[in-house]
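Since every read-out is calculated from the coordinates, none of them should be taken as a lab result. Computed from a predicted structure; not experimentally measured. Counting neighbours? That spans all protein chains shown, and the Cβs are built from the backbone with ideal geometry, glycine included.
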């Protein structure tokens with residue numbers, strides 16, 4: 001049996017909070033000493049307090065917790081779904097704000113353009129529209145070459161390197177000024193802008209393939225991550241990121257080729273096929289692994305199986321982990337790999 005102070009300390013709450021829950025008939029002590037008034041709590045009380053705090057964290061009010069049932073779950077789920085939709089809507093509107101050449105903020109609501117929705121296939125990249133229409137042009141093959149196909153999803157939804165779109169514009173994630181498009185006879189002329197001068201640098205020409213309403217799942221390359229677990233004794237333990245390098249680059253111990261702070265900090269391979277992932281934002285993720293693969297579940301839409309290889313260099317073990325980012329999911333290519341050193 002726990003005293004009220006012990007229970008409060010166990011859950012890092014105040015005694016006042018526990019008395020408040022008691023007054024609201026949410027939490028009752030297992031017994032109260034008739035002489036001293038001391039309150040004592042048993043395992044049932046501990047479980048109940050745990051439930052209260054858990055439901056509070058999920059956004060339930062004390063009134064909702066007092067009358068908690070399956071209907072409350074459905075109602076709260078619907079409420080949160082609506083809030084998420086509203087947040088995504090606000091994020092999309094914020095992404096539509098950009099600075100023009102004069103340094104002024106340009107704000108606009110999403111404007112639909114039904115003719116642009118669907119799949120577009122790259123024809124070429126030229127200096128200007130007139131050059132293409134003349135028929136005398138040379139394709140600048142190195143520009144925009146990985147975007148063989150572009151998909152315009154419903155409601156301005158973005159994917160991969162494209163943050164969003166609205167009528168006449170397509171926002172590339174790291175270019176401040178949105179690209180501008182115009183459509184003529186199932187051809188799209190997409191003006192590409194320089195990120196520094198905001199001047200047009202080329203015209204990417206695309207032809208319409210279809211008018212299908214695609215979803216992210218339709219255009220994502222998804223791996224099978226339901227692989228049977230096979231143990232790998234060499235992989236067990238904690239591995240810490242030491243570099244993030246191009247897929248064909250050679251790792252040199254003691255040097256760091258990556259100039260960027262990488263999101264993946266460490267991986268812990270557990271004997272039961274569980275894998276704990278530590279990210280740079282201090283969050284932890286529970287994933288799985290099997291011999292040769294780290295399996296990352298991303299909600300069924302962008303699931304990836306990243307192949308790993310273990311090498312010993314100068315007496316130290318390193319894991320080379322291919323990294324499947326949006327370049328893989330949407331562009332069918334793997335550009336980089338993580339190098340992690342075994343810590344324990």
### Summary
In nm, the gap between the two label points placed 7 Å beyond Cα toward Cβ at residue 51 and residue 258 is 4.4 nm
### Query
Which whole-number percent gives the relative contact order of the chain, counting Cα pairs below 8 Å spaced six or more residues apart?
11 percent
### Message
Given a Förster distance of 45 Å, report the FRET efficiency between residue 142 and residue 74 from their Cβ-Cβ distance, rounded to the nearest 0.05.
### Response
0.25
## Note on the structure
For the residue 317, residue 81 Cβ pair and Förster radius 45 Å, calculated FRET efficiency rounded to 0.05 is 0.50
### Nearest-ten-degree value, helix 43-57 long axis tilted from longest Cα axis of the chain
30 degrees
### Query
In Å and whole numbers, how far do the C-alpha atoms of segment 237-342 stretch along each principal axis, longest first?
39, 33, 27
### Query
From the list (1) 25.9; (2) 27.1; (3) 16.0, can you say which value of mean projected area of the Cα convex hull in nm² was derived from the structure given?
(1)
### Message
Using a 7 Å offset from the Cα along the Cα-to-Cβ direction at both residue 213 and residue 185, what is the distance between the two label points in nm, to one decimal?
### Response
3.0 nm
### Message
Treating segment 2-66 as a set of equal point scatterers at the Cα positions, no solvent, please give the Debye-formula log₁₀ I(q)/I(0) at q = 0.20 Å⁻¹.
### Response
-0.75
### Query
Any idea what Rg and Dmax come out to for segment 121-273 if you just take the C-alpha atoms, in Å?
21.3, 65
### Message
What FRET efficiency comes out for residue 280 versus residue 334 if R0 is 22 angstrom and r is the Cβ-Cβ distance? Round to the nearest 0.05.
### Response
0.55
### Message
Test of understanding: in a Gaussian network model of the chain with alpha carbons linked when under 10 Å, which of 180, 130, 51 would top the mean-square fluctuation ranking?
### Response
51
### Query
Can you give the relative contact order of segment 151-254 as a percent, counting alpha carbon pairs under 8 Å and 6+ residues apart?
15 percent
#### Entry: Computed label-point distance, nm, for sites residue 38 and residue 247 using a 7 Å Cα→Cβ extension
6.7 nm
#### Entry: For segment 183-241: rounded, prolate or oblate by the Cα gyration tensor [a/c cutoff 1.5]
oblate
### Task
For the chain, find the longest principal axis of its Cα atoms and tell me its angle to the long axis of helix 70-95, 0 to 90°, nearest 10.
40 degrees
### Summary
Between the alpha carbon centres of segment 201-221 and segment 286-344 the gap in Å comes to 28 Å
